[in-house]
Amino acid sequence: MSSLHKSRIADFQDVLKEPMITLEKLRELSFSGIPCEGGLRCLCWKILLNYLPLERASWTSILAKQRELYAQFLREMIIQPGIAKANMGVSREDVTFEDHPLNPNPDSRWNTYFKDNEVLLQIDKDVRRLCPDISFFQRATEYPCLLILDPQNEFETLRKRVEQTTLKSQTVARNRSGVTNMSSPHKSSAPSSLNEYEGMNEIVGPLYYTFATDPNSEWKEHAEADTFFCFTNLMAEIRDNFIKSLDDSQCGITYKMEKVYSTLKDKDVELYLKLQEQNIKPQFFAFRWLTLLLSQEFLLPDVIRIWDSLFADDSRFDFLLLVCCAMLILIREQLLDGDFTVNMRLLQDYPITDVCQILQKAKDLQDSK
């Protein structure tokens, strides 16, 4: 460990040991990257995402309260309904003349059940394909939820419900040749009729990985609960990107994609005109960049480093637009020389791996405003 890195760790520790954290100092330090030693990144993210308050004395009580609240959510939303389902099953009383499995009424209890199943299936698919090349996401957690694993709780788990629903869909969904349709969705570079929850696993993944690898075993044990609340706070800031009805509003994803191009036009008009000439729309690449906070464009450690800067910037999602613009400018020579096909390949499989270079360029663009 270099003396400079040791000095940075000491700077973070000095800021974080104060009775009242100075947010501006923490943001300034975090913008240049947060050391992972000693659980510093986990703690800083929880503060920057407004999960922990600036007053240190209240952390213990707030964490205990929030973690108990999460356990209550599990009991109310998963365990108790699962026990009721296991005890009662589907009885004749569940099917009435007014409410039955074929009832098209949106207020039907059956209609709600089937829609919930669709969400669970999509979540299950997303979770399974999250970072498949990283062993962390393929192995069992060190701290599984004891409420759910308790052998005294004989109830229908979400896993069992998903498996049953998958079996039904594979049995019923057939094409005209009578062959079971078991095709899975593929990642698209442009917006389509995506459900509003699709892609959120790419936001949860880096958060959970960061908290579940905390060297503090007590905090690691509660990584799931802490991830839930930090994810909730983060989604409160970026949820408009996932709401299709807001796409064309000033807070929607279409406006933000166009903002990337308007910024590029201001900073590098030649490159902007080249992309316009080739009819390369920002929707072809910036949709994924912006909605998923670049989580699919770089390796996980690099994504986490980018998020240090995004979370630290007080207008962090304006800064994300500058990061996207910087990514374009840094490959301008290749884009100016390439044709449509070559350039689309560059933008959908970004070639630069040095994220510090990208962040520095974005900071330069920010300072030149």
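Only one of (1) more than 24 Å from the chain's Cα centre (by Cα); (2) surrounded by 13 or more Cβ atoms within 10 Å (Cβ to Cβ) is not met by Lys6, so which one is it?
(2)
How many residues are open to solvent by less than 10 Å² (accessible area, probe 1.4 Å) and of a type in the set (Phe, Trp, Tyr) when one looks only at the stretch 33-52?
Qualifying residue count for the region: 1.
Report, by residue number, each residue of the stretch 296-347 that is modelled with pLDDT of 95 or more and of a type in the set (S, T, N, Q).
Ser309, Gln334, Thr341, Asn343
Might you check whether a residue that is under 22 Å from the mean Cα position of the chain (by Cα) and under 18 Å from Tyr208 (Cα atoms) occurs anywhere in the stretch 281-290?
No: zero hits.
What pairs come up if the first residue lies in the stretch 122-140 and is surrounded by 13 or more Cβ atoms within 10 Å (Cβ to Cβ), the second is among the acidic types (Asp, Glu) and part of a loop (DSSP other than H, G, I, E, B), and their beta carbons are under 9 Å apart, counting only those six or more places apart or on different chains?
Filtered contacts from the stretch 122-140: Gln122/Glu198; Asp126/Glu198.
If a residue has to be under 28 Å from Asp302 (Cα atoms) and touching a strand residue (DSSP E or B) at 6+ places or on another chain (Cβ under 9 Å) to count, how many in the stretch 38-69 make the cut?
The total comes to 1.
Mind checking whether some residue in the stretch 171-191 is part of a helix (DSSP H, G or I) and either at pLDDT 70 or above or touching a Leu at 6+ places or on another chain (Cβ under 7 Å) (or both)?
no
The values are calculated or read from the model by the stated rules, or taken from the named source; none is laboratory data. As the structure is a computational prediction, the values presented were derived from the model and not from experiment. Every residue, glycine among them, receives a Cβ derived from its backbone with ideal geometry; neighbour counts consider all protein chains shown. Each accessible area value is taken on the protein alone, full model and side chains, heavy atoms only, with ligands, DNA and RNA left out. Shrake-Rupley method; radii C 1.70, N 1.55, O 1.52, S 1.80 Å.
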